[in-house]
Amino acid sequence: MREETASRPESTAPRERLLDHVDGALATLCLGSVLVVVAGGLVQVSFGSYSMTPIQAWQAVFNPDVIFDLRAWEAFLLDADLPEMEQRSLIVWNIRLPRVFVAVAVGMNLAVSGAIFQAVTRNELASPFILGVSSGAGLLILLTLVVFSGLSAFLPLVASVGGAVAFLIVYAIAWKNGTSPVRLVLAGVIVGTVFQSLQTGLFFFADDIGVVQSAIAWTTGSLTGTDWEQVRMALPWTIVAMGLSLLGARQLNVLLLGEQTARSLGMSVEKVRFALSGVAVLAAAASIAVAGIVGFVGLIVPHMVRNIVGSEYRKLIVGCLFAGPALMVAADVGARLGLGLLVGASVQIPVGIVTGLVGGPYFLYLMRKQEALGEI
Amino acid sequence: MQGNERVGRADSDADAKRRTNANGKTAAPSDSVGATPTDDVTAKSAADAVELQGKDLEIGYPATTEPVVECERVLLPAGEVTALVGPNGSGKSTLLKAMANQLAPDAGTIRLDGEHVQSLDSKELARRLGLLSQEHDSPASLTVEELAYHGRYPHRGFFESVGDDDRRAVERAIELAGVEHLREKSMKNLSGGQKQLAWIAMVLAQETDVLLLDEPTTYLDLHHQLRVMEVVRTLNREQGVTVGIVLHDIGQAARFADNLIAMKDGEPYDWGPPREVVTEELLSEVFRVDASVDADSPTGPHIAPHRAIDE
């Protein structure tokens, strides 16, 4: 008996410490993010061409006839026929909410993808698009819109494939008896430069303004017109990528100790690096497929979270899972309603423009506030 | 050219019995299966201690054509502390990296307890052989305890969470490295010496039979140099861990090591207990220093350097 009581504090001590961490900064961050997402979502469902009061919108969101209707969920998630429902619920659930859900998925994917790339390349300026993903996706988007317009129906898939292929090219260029973070980043710059030029060149062959606008929406990232189809497209990949990144958090932590240490701890650094990059590309591709190339989210969010919870990757990834959606949903509110508020026009702008406008100054603020911004 | 020089020296050397090999690229006793333990304490643990041996090694880097290190035989005897000493660029770190299988030799084999290290799975090797490299960086907000837990990496499967074994090993490592009071501190708030002890705690948590350390005392103040060396010594004496350690300071090596391997121009120049290896001749030939050596000093051979010898 005495032995048992004596050993108990020892075995619970680490768990209590773990709880301390969870209780502190991370919990606050997650709670704050959830509040932002909920508030942003409420704004998104309340405003639009069919006007209703926020309270009516709120009631429609929490309409039990929809939430507890299996057939409705089948319609949303499995593309079955939509059951009959009241008009407000229909507008909220079928038109306005899916856009919020897509924003949540995109935010998660980009933030986690950026966090992984920052560890893999050991570079705090890495983003989901550092290894050529955005330029590959962008080039194929342009090619599809301008040259192979017959493939437009498969644009999301084509864009994701382009990103993944560019990533593989970058890896092949960087490989020489193994890779190194610096060589990976440089190869990313090389491939990015060439693809970017080709992409810009293709704009000259676009013969009508509609194609150009569509291309810009895709290459700057936009959530306009997203609905349940996009949710269905992104959801499985998002779940897989987020699950894998949570599982890979410990590998990321060990990678942060430097290649030599990781190797002497028995890690197969090349394999782990490639696998984790693959997860990050998957996440980025999932977000490109539904929203195009949304910039800055993947760069800013991991920074923001690291500032609050530190660089321990289990906490960092969990933080990104919450903070990414918060930024994305908030930015999409600005993209959808901002112009209306400012100039009274009912035009929507690509959300990528808003994330850039918000992200740039925030990054400047970070740079000014922190002396050692480079510390991962 | 240098090879010839070496042969010439070995022939004229009265101590040539330790270097029976004609070209002198040997850093091991010529007749050894295992070396004789130097004192009772090591003898006790030497039974399950493990030796690390390299044979016919040629080690280079991808960028170089000539091998940086050539070594016919190098032995870290089981349960003993072996120090690699030599001037800058003599290949001691390169040799150590190759012994830890971090650098694939162009030729030759390295055996851990008789097994090829190249054929061992990387995690399996990391459970038996630990390496603390010269340069390492850590995330600023990482705590000492979290760092120590990373030492358990090779013992944990991909899906495994921290087990009782891991906790026990980390507690022991933290205690042995003497960093209990720093446990919750982040690495960014530690001094250089404290950081080094934290890294040592990590490599101790690995619980390996062989421990290789690359200049663990360089850039540390005297207090922390001694702390690091004492931890290494304790680990060796109490757990029978075989230690290979690159040291910059030959005086320190002479005080703490059971054996010295003196390296010159990528080849082992001499091997043996400090009292035999550390001579005025070695200091002038290998280190290009004019010094007098008091071999009878009770704490090991005492070196008084006088001046650098012109090239």
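Only the coordinates and a few stated rules stand behind these numbers; no lab work does. Bear in mind the structure is a predicted one, so any value in this text is a computation, not a measurement. Backbone-built Cβ (ideal geometry, glycine too); neighbour counts: all protein chains shown.
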statement: Cα pairs beyond 32 Å in the protein assembly as shown, in percent, come to 59 percent
query: Cα centroids of region A:267-285 and region A:32-65: how far apart, whole angstrom?
result: 37 Å
task: With a point put 7 Å past each Cα toward its Cβ, work out how far residue A:39 is from residue B:218 in nm, to one decimal.
output: 5.4 nm
query: Computed FRET efficiency, Cβ-Cβ of residue A:55 and residue B:191, R0 51 Å: what is it to the nearest 0.05?
result: 0.30
task: Multiply the residue gap between residue A:31 and residue A:368 by 0.36 nm, knock off their C-alpha separation, and tell me the result in nm, one decimal place.
output: 118.6 nm
field: Test item: Cα-centred dipole of region A:102-369, Lys/Arg +1 and Asp/Glu -1 on Cβ, debye
entry: 920 debye
field: chain A: most fluctuating residue of A:105, A:159, A:57 per GNM, C-alpha cutoff 10 Å
entry: A:57
message: Give me the inter-chain shielding for B:202-214: mean count of other chain Cβ atoms within 10 Å, whole number please.
response: 1
task: For region B:48-70 and region B:246-311, compute the distance between their C-alpha centroids and round to whole Å.
output: 22 Å
field: Cα centroid separation - region A:291-314 against region A:70-100, whole Å
entry: 32 Å
task: List the longest stretch of chain A that has no exposed loop site; here a site is one of the chymotrypsin sites (Phe, Trp or Tyr not before Pro) assigned by DSSP to anything other than H, G, I, E or B, with at most 13 other Cβ within 10 Å.
output: A:206-376
statement: From DSSP H assignment alone, runs of 4+ in the protein assembly as shown each adding -39500 (n - 2.57), the sum over residues rounded to the nearest 500 puts [θ] at 222 nm at -17500 deg cm²/dmol
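Output the pairs from B:55/B:97; B:97/B:123; A:271/B:185 with a Cα-Cα distance over 21 Å in this structure; if there are none, say none. Don't jump to the answer; show the numbers that get you there.
Details: B:55/B:97 15 Å; B:97/B:123 16 Å; A:271/B:185 32 Å.
Among B:55/B:97; B:97/B:123; A:271/B:185, the Cα-Cα distance tops 21 Å for A:271/B:185.
Quote the FRET efficiency, to the nearest 0.05, computed for residue A:216 versus residue B:135 with a Förster distance R0 of 35 Å and r equal to the Cβ-Cβ distance.
The calculated FRET efficiency here is 0.15.
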query: Hey, if you put +1 on the Cβ of every Lys and Arg and -1 on every Asp and Glu Cβ in chain A, which of A:274, A:156, A:31 ends up farthest toward the positive end of that dipole?
result: A:274
- prompt: Which of B:300, B:181, B:235 sits farthest toward the positive end of the charge dipole of chain B, with +1 on the Cβ of Lys and Arg and -1 on the Cβ of Asp and Glu?
  reply: B:181
query: Across peptide B:152-159, how many C-beta atoms of other chains are within 10 Å of each residue C-beta, on average?
result: 3
Cα-based reach from residue B:188 at 19 Å (exclusive), listing aspartates and glutamates while leaving out same-chain residues under 8 positions away: A:124, A:312, A:371, A:375, B:135, B:137, B:145, B:146, B:180, B:221
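Kirkwood Rh over Cα pairs of region A:102-369 into Stokes-Einstein at 20 °C, 1.002 mPa s: D in µm²/s?
Working: Rh = 18.6 Å.
Approximately 115 µm²/s, per Stokes-Einstein.
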message: Can you compute the label reach from residue A:271? Point 7 Å from Cα along the Cβ direction, backbone N cut-off under 20 Å, restricted to region B:83-100.
response: B:100
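Residues of A:261-274, mean number of Cβ from any other protein chain within 10 Å of their own Cβ, rounded to a whole number?
Details: counts 14, 2, 7, 18, 15, 15, 5, 3, 1, 0, 1, 0, 0, 0.
That average works out to 6.
Could you pull out the pairs from B:92/B:264; A:315/B:195; A:315/A:369 whose alpha carbons sit more than 18 Å apart here?
On the way: B:92/B:264 9 Å; A:315/B:195 23 Å; A:315/A:369 23 Å.
Too far apart for the 18 Å limit: A:315/B:195; A:315/A:369.
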query: Amide H neighbours of residue A:80 under 5 Å, counting only residues 5+ apart in sequence or on other chains, H built in-plane at 1.01 Å?
result: A:75
